[in-house]
1. From the phi angles alone, apply the Karplus equation (6.51, -1.76, 1.60; θ = phi - 60°) to the range A:27-37 and give each ³J(HN,Hα) in whole Hz, x where the residue is Gly or Pro.
2. Can you list residues whose amide H is under 5 Å from B:Thr44's amide H, if they're 5+ apart or on another chain and H is modeled 1.01 Å from N?
3. Please compute the modelled spin-label separation between A:Gln169 and B:Asp17, points set 7 Å along Cα→Cβ, answer in nm with one decimal.
4. Which of the three applies to the range B:104-195, rounded, prolate or oblate, going by the alpha-carbon gyration tensor with a ≥ b ≥ c and a/c under 1.5 meaning rounded?
5. Compare the Cα positions of B:Leu53, B:Ser23, B:Ala171 along the charge dipole of the range B:5-185 (+1 at Cβ of Lys, Arg; -1 at Cβ of Asp, Glu; about the Cα centre) and return the one farthest towards the positive end.
6. Per residue of the range A:172-189, in order, report the coupling 6.51 cos²θ - 1.76 cosθ + 1.60 (Karplus, θ = phi - 60°) as ³J(HN,Hα) in whole Hz, putting x for Gly and Pro.
7. For A:Thr144, list long-range residues whose amide hydrogen, built 1.01 Å from N in the peptide plane, is under 5 Å from its own amide hydrogen.
8. Applying a 10 Å radius around every beta-carbon, put A:50-57, B:44-51, A:183-190 in order of their mean neighbour count, most first.
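Values in this text are rule-based calculations from the coordinates and carry no lab data. The shown structure was predicted, so the numbers you read here are calculated from the model rather than taken from an experiment. Note: ideal-geometry Cβ built from the backbone for every residue, glycine included; neighbour counts use all protein chains shown.
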Number of protein chains: 2
Amino acid sequence: MEKTFTQWKKQCLNKLDLSKKGSVDQDIEHVVSLLNSCEEYFTTSSCSGRIILIDGAPESDVQKQNCTWLFVSHQKCTSDDLVSGLAKSSRDAVLKFEPFVLHVQCRRLEDAQLMHSVAINSGFRNSGLTVGKTGKIITAIRSTHGLEVPLSHKGKLLAGHEYIGFLTQTANQKMEENLRRIHRFYQNLQSALTTEKLQKLQLPDHPSSQELQHPPDRLVTEKEEKSKRSVYKRRRKREQHKTDCCHGDKSSSVQELDDCLDLFT
Amino acid sequence: MEKTFTQWKKQCLNKLDLSKKGSVDQDIEHVVSLLNSCEEYFTTSSCSGRIILIDGAPESDVQKQNCTWLFVSHQKCTSDDLVSGLAKSSRDAVLKFEPFVLHVQCRRLEDAQLMHSVAINSGFRNSGLTVGKTGKIITAIRSTHGLEVPLSHKGKLLAGHEYIGFLTQTANQKMEENLRRIHRFYQNLQSALTTEKLQKLQLPDHPSSQELQHPPDRLVTEKEEKSKRSVYKRRRKREQHKTDCCHGDKSSSVQELDDCLDLFT
């Protein structure tokens, strides 16, 4: 029996949070809450971003279950936090900054496309859709923004305190940038959802496509216009990235700049 | 005018390769070639994986265009390669291992789902679909497997030769693991495409669903069975990862293990 989206949502939101932490991270409560208040969406998992020190076998980066967490923080950390954590290492410790990640189940493919578009335009370039065989559609919002530094080998520290101090600063800067991106995502999301709602309200009157693009609310229109301009800028930036690829077709996207969810996202 | 998939494919494959390198990386020529020989797919950009030393402003990790490449290799590297590269740093140098990445344009959503499924089951957990407004469907195949180590600040080296030696070893191990995953992806892809073809050939005769799952070719069936078993194992592994998430619903996927393209992919 195929479940409906509403049943899935109800089931998911009523379920116990079985994650290690057991609750939504504070810095993204508003994002999760906004999404769960929409009838088109609900969140299935999330992390606001974290600085984490993992101890494990050298090649076990895929199998986190065999690793020990020496330290974890969803806020900025101090050099002492990392030094204390590293003192407990008995295998290979790695310092990671893992950015904001969010999985959003979407009612229809169009809803998932909207979510993906908002994510890409907010700087989450590794985002993507998943379309399951049972009809489950999920947009994963992911960033390219990371840090992954080996710091001990067989329990032996590989770096001095000065370097650990520098890494602390780098990880904290990434945490700040991460929060800026979450904020940008939240603002773009609010704006996109408002526009969607207005368009739906207008639909029964069959407005012209011109009107659809520019809802009457002046504030929203201005926001949207601004957002469109910045989206364009970001696309131009992506254009310039393309030469970094080993093999790729740069020109196709120059011709199709209007295709927001184009290549290299 | 909406372009058809065939037109897109023709246009893309006839185009000059405008990437920095200008050609497909040797280690993935067979993968790109296999995909481009299928009528359902073509590749739009790719990189086999690389070790790269980038020099840039501290917070410029998103804007690669303002960075200098101090060193890049699609093969294993030596400690001397990195030391020589670092000697040229005048800003903030970062050593990165960037794994295999591939963008595949797909004819239909089902084709993209198949590609995504093969990617996930081969260990490329950050893969995802992009569905454009013009009908363009792209599966991005991405790994979580990385390395990102700051090594100089304002041109001043932050690490000793011993540490750089260790990083060289780590980056080279990741390169090896990357090649293993590409090989696994290629094998799973071949197997999935063969099964697809056989199923299509059988369709006009309306075989039972049992027959559809087990095409007559004994070799393929065995491969598929083996692949199914390893997929199951990998799913079980993912189950165990889930507690690492900050907020998430572990149990939903336990109930739906048969939904290959489920959460947390």
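1. 5, 10, 4, 5, 5, 4, 5, 4, 5, 6, 7
2. Close amide H contacts, sequence-distant or interchain: B:His103, B:Val104, B:Gln105.
3. Modelled inter-label distance: 4.1 nm.
4. oblate
5. Of B:Leu53, B:Ser23, B:Ala171, it is B:Ser23.
6. Running phi through 6.51 cos²θ - 1.76 cosθ + 1.60 with θ = phi - 60° gives 5, 5, 5, 4, 5, 4, 4, 5, 4, 5, 4, 4, 4, 4, 4, 5, 4, 5 Hz.
7. Amide H to amide H, under 5 Å and 5 or more residues apart or across chains, A:Thr144 pairs with A:Arg125, A:Asn126.
8. Order by mean packing, descending: B:44-51, A:50-57, A:183-190.
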